[in-house]
Structure formats: structure tokens, C-alpha cells
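Visitor: I'd like to ask some things about the structure below.
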Amino acid sequence: MIKCLIVGAGGAIGAIGRYLMGLLPMNPENGFPLKTFLINVIGCFIIGIIAALADKNAVNPNLVLLIKVGICGGFTTFSSFALETEGLIAKGSTGVALMYVILSLVCGVLAVFAAEKMVGNI
């Protein structure tokens, strides 16, 4: 139960951080989603640090849970996607990593289109 509370607290921190980042006055004229891009890159950087420290047993497992699953999960799931992709490449599964990246992007975008179409047709 304590682990659920740790993840929940981290999720709240991550979600609030994402919301606050969304309030920043950054709206490029070309329409590039800069805030989301920055959120995803920052999340990737944070999860990379905590994963590396966790591999070295340099941090408490509950802190890893708080940051990796909670904060990064609430801030962005893209960070988990990036970490998993890096893990596949690191263990020599480059083809699987490439397939994961392509399928995740294509299926994710198609899922958004499908959901919008489905809701629009109700």
C-alpha cells in the first residue's frame, strides 16, 4: 500500500508540473508543440538519471519509484517509452527497438484519429 501512495504522490507532482509547464508563454508561430516537446525531453532526461542511479544502487528504491513511475509517469509517459527503447538498443535488439518506435508512433497517432472519429460519430 505504501508503494501505491508513493507512486500517487509522484504522479500528482508530475501532473502539476506538466500543467504548470503548459502555462508558460511559449507558442512558436510555426505551430511546433514546443511545450510538449520540452516536457517529453525533460521527462526523458529525468528518467535517464534515475534509471542510471538505480542501476548502480545509488538511490533508495522508494525514491526510484517516486521519480520514475510517479513523477515521470505523471509528467509524461514518453519518458518510459524512451527508456524502454534505449534498453532494447543497449541489449542489441535494434530491430525490435526500431519496430517499437515506428509502431508506437503510427499506432498512437492512428488511435487518436480513431478515437476522435468514434466520438464524433456517437
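The values are calculated or read from the model by the stated rules, or taken from the named source; none is laboratory data. Because the structure is predicted, anything quoted here is derived from the model rather than measured. Positions of Cβ are generated from backbone atoms using ideal geometry, with glycine treated the same way; all protein chains shown enter the neighbour counts. Note: areas computed on protein heavy atoms with side chains; ligands, DNA, RNA excluded. Shrake-Rupley method; radii C 1.70, N 1.55, O 1.52, S 1.80 Å.
Visitor: How would Ile50, Ile67 rank on accessible area, largest to smallest, probe 1.4 Å?
Guide: Values: Ile50 5, Ile67 35 Å².
Greatest to least solvent exposure: Ile67, Ile50.
Visitor: Rank these by accessible area, largest first, 1.4 Å probe: Glu116, Glu84.
Guide: Sorted descending by solvent-accessible area, the residues read Glu116, Glu84.
Visitor: Order Cys107, Cys44, most accessible first, counting only protein heavy atoms with a 1.4 angstrom probe. Walk me through the numbers on the way to the answer.
Guide: Values: Cys107 70, Cys44 35 Å².
So the residues, ranked largest to smallest area, are Cys107, Cys44.
Visitor: Let me know the shape class of the range 46-114, please: from the alpha-carbon gyration tensor, a ≥ b ≥ c as square roots of the eigenvalues, rounded when a/c is under 1.5, otherwise prolate if a/b is greater than b/c, or oblate. Spell out each step's value before the answer.
Guide: Details: a/c = 4.36, a/b = 1.49, b/c = 2.92.
Oblate, because a/c is 1.5 or more while a/b does not exceed b/c.
Visitor: Taking springs between alpha-carbon atoms closer than 10 angstrom, which of Gly74, Gly31, Gly43 fluctuates most in the Gaussian network model of the chain?
Guide: Its mean-square fluctuation being the largest, the pick is Gly31.
Visitor: Shifting gears a bit: Per residue of the chain, what 222 nm ellipticity follows from adding -39500 (n - 2.57) for every DSSP H run with n ≥ 4, rounded to the nearest 500? Display every interim value, and only then the final one.
Guide: Working: 6 runs with 91 residues, N = 122.
Per the formula, -24500 deg cm²/dmol.
Visitor: Further question on the same structure: Contour minus end-to-end for Leu110 and Asn30, with contour as 0.36 nm per residue of separation and end-to-end as the Cα-Cα distance? Intermediate results must be reported in sequence, preceding the final value.
Guide: Details: separation 80, 0.36 × 80 = 28.80 nm, distance 2.33 nm.
Here the segment from Leu110 to Asn30 would lengthen by 26.5 nm.
Visitor: Calculate the spin-label point distance for Ala90 paired with Leu23, positioning each point 7 Å from the Cα along the beta-carbon direction, and give it in nanometres.
Guide: For Leu23 paired with Ala90, the spin-label model returns 3.6 nm.
Visitor: Restricting attention to the alpha-carbon atoms of the range 80-122, what are Rg (one decimal) and Dmax (integer), both in Å?
Guide: Rg then Dmax for the range 80-122, in Å: 14.2, 45.
Visitor: Another question, if that's okay. So, taking all protein chains as they sit and a 1.4 Å probe, how much accessible area belongs to Val59, in Å² rounded to tens?
Guide: 40 Å²
Visitor: Run the numbers for Ile16 and Ala52: contour at 0.36 nm per residue of separation, minus the present Cα-Cα distance, in nm.
Guide: Working: separation 36, 0.36 × 36 = 12.96 nm, distance 2.49 nm.
Extra length from Ile16 to Ala52 when fully extended: 10.5 nm.
Visitor: So, with +1 on the Cβ of K and R and -1 on the Cβ of D and E, and no other charges, what is the size of the charge dipole of the chain about its Cα centre, to the nearest 20 debye?
Guide: On the way: 7 positive and 5 negative charges, 46 e Å.
Here the size comes out at about 220 debye.
Visitor: With every protein chain in place, what's the accessible area of Thr76 (1.4 Å probe, Å², nearest 10)?
Guide: 10 Å²
Visitor: Would you mind telling me the share, in percent, of accessible area of the chain contributed by carbon and sulfur at probe 1.4 angstrom?
Guide: Details: 6070 of 8250 Å².
Looking at the chain in its full context, I get 74 percent from C and S.
Visitor: Kindly report, to the nearest 10 Å², the accessible surface of Ser80 as traced by a 1.4 Å probe over protein heavy atoms only.
Guide: 40 Å²
Visitor: Now for a different question. Computed from these coordinates, which is percent of Cα pairs over 22 Å apart: (1) 40; (2) 49; (3) 32?
Guide: Only one listed value fits the structure, namely (2).
Visitor: Follow-up. Given R₀ = 22 Å, FRET efficiency for Cys4-Leu63 by Cβ-Cβ distance, to 0.05? Each step should come with its number before you reach the end.
Guide: Working: r = 16 Å, r/R0 = 0.71.
With a Förster radius of 22 Å, E is 0.90.
Visitor: Rounded to the nearest whole Å², what accessible area per residue is found for the chain with the 1.4 Å probe?
Guide: Values: 8250 Å² over 122 residues.
Result: 68 Å² per residue.
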